[in-house]
Amino acid sequence: MHVPAPTFAAFVVMLALLGACAAPPVRPSAMVPDLAGLPPGPAPAYRQSIVVGPVSGGPGASALWTAAIDAAQFQAALGRTLQAGGLGGIDGGRFRLDATLVKLEKPFAGYGMTVEAVVAYRMTDTVTGAVVYDASLATPGSATLDDAIDNNTRLVLANERAVQANLRRLVEALYALPDRPLASPRR
C-alpha cells in the first residue's frame with residue numbers, strides 16, 4: 001500500500017503534536033515538603049511510629065491536557081514525608097495513617113495555574129483502635145509561565161506544589177498532637 005507523501009507528512013506532524021500534549025510524569029519526590037522552620041518534632045509517642053495505611057482517591061491515569069496524581073504516587077510522597085519528619089515507622093507501627101485524595105483541581109489552561117488539593121486524613125492507634133487525628137486539609141499550589149512554557153508542565157508543577165503544601169500542613173498538625181501514653185489494647 002502506497003501512502004502519498006503529503007498524507008504521510010501530515011500524519012507524522014499530527015503524531016508529533018499529540019506527543020507534545022502528553023503531561024510530564026508526576027514525581028513523588030517533588031511532593032515531599034521542605035520541613036525546615038517547623039517547631040520541634042513530634043511528641044515521643046509519634047516518633048517513628050506512624051505507618052502509611054491505605055491511600056485512596058486520585059484520578060488515576062492522566063487524560064489528555066490534565067496532570068493527575070494517582071494513589072500510588074501520593075502514598076509514596078506521604079511515606080517519604082513522614083520519614084523526613086521523624087514520624088514514619090516500620091511495618092507494625094503503633095499508628096496507622098489512612099488518606100483519601102478527595103480533590104485535585106485540573107484547570108485546562110492558563111498563564112498561571114492554581115490548583116487546590118484536598119486530602120482527608122485519619123490516624124488510628126492500632127493498639128486501642130482510637131482515632132487520634134481526623135481532618136481534611138485543603139491547600140493551593142501554583143505555577144506560572146516563569147516555571148514552564150507548556151500548559152501540561154505548569155499543571156504538573158501546580159499539582160505537585162498543592163500536594164507538597166498539604167503534606168507540610170499535615171506534618172505541622174501531627175507535630176501539634178499531644179503525647180499519647182500507651183494504653184491497654186481494646187478487648
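The values are calculated or read from the model by the stated rules, or taken from the named source; none is laboratory data. Not measured: the values here are computed from a predicted model. Counting neighbours? That spans all protein chains shown, and the Cβs are built from the backbone with ideal geometry, glycine included. Surface accessibility is based on the protein's heavy atoms, side chains included, excluding ligands, DNA and RNA. Shrake-Rupley method; radii C 1.70, N 1.55, O 1.52, S 1.80 Å.
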Thr139: polar (S, T, N, Q), open to solvent by less than 50 Å² (accessible area, probe 1.4 Å) and touching a Phe, Trp or Tyr at 6+ places or on another chain (Cβ under 8 Å), yes or no? no
For the structure I just gave you, tell me whether Val156 is open to solvent by less than 70 Å² (accessible area, probe 1.4 Å) and under 20 Å from Gly89 (Cα atoms). no
If we keep just the residues of the range 107-131 that are closer than 28 Å to Asn151 by Cβ and buried (at least 17 other Cβ atoms within 10 Å of the Cβ), which is farthest from the chain's Cα centre (by Cα)? Met113
Considering only residues that are modelled with pLDDT of 90 or more and outside any helix (DSSP H, G or I), look in the range 57-95 and name the one that is farthest from Leu174 (Cα to Cα). Arg94
List every residue pair whose Cβ atoms lie under 6 Å apart, where the two residues are 6 or more positions apart in sequence or sit on different chains, the first residue falls within the range 112-137 and is under 16 Å from Ala173 (Cα atoms), and the second residue, located anywhere, is β-branched (Val, Ile, Thr) and open to solvent by less than 10 Å² (accessible area, probe 1.4 Å). Leu137/Val119
Of everything in the range 1-51, what is at pLDDT 80 or above, open to solvent by 60 Å² or more (accessible area, probe 1.4 Å) and in a helix (DSSP H, G or I)? Give them in sequence order. Ser29, Pro44
Name the pairs: first residue in the range 158-184 and among the charged types (D, E, K, R) and modelled with pLDDT under 95, second residue part of a loop (DSSP other than H, G, I, E, B) and surrounded by fewer than 23 Cβ atoms within 10 Å (Cβ to Cβ), Cβ to Cβ under 6 Å, at least 6 apart or on different chains? Asp179/Ala43
Does Ala99 qualify as being open to solvent by less than 70 Å² (accessible area, probe 1.4 Å) and outside any strand (DSSP E or B)? no
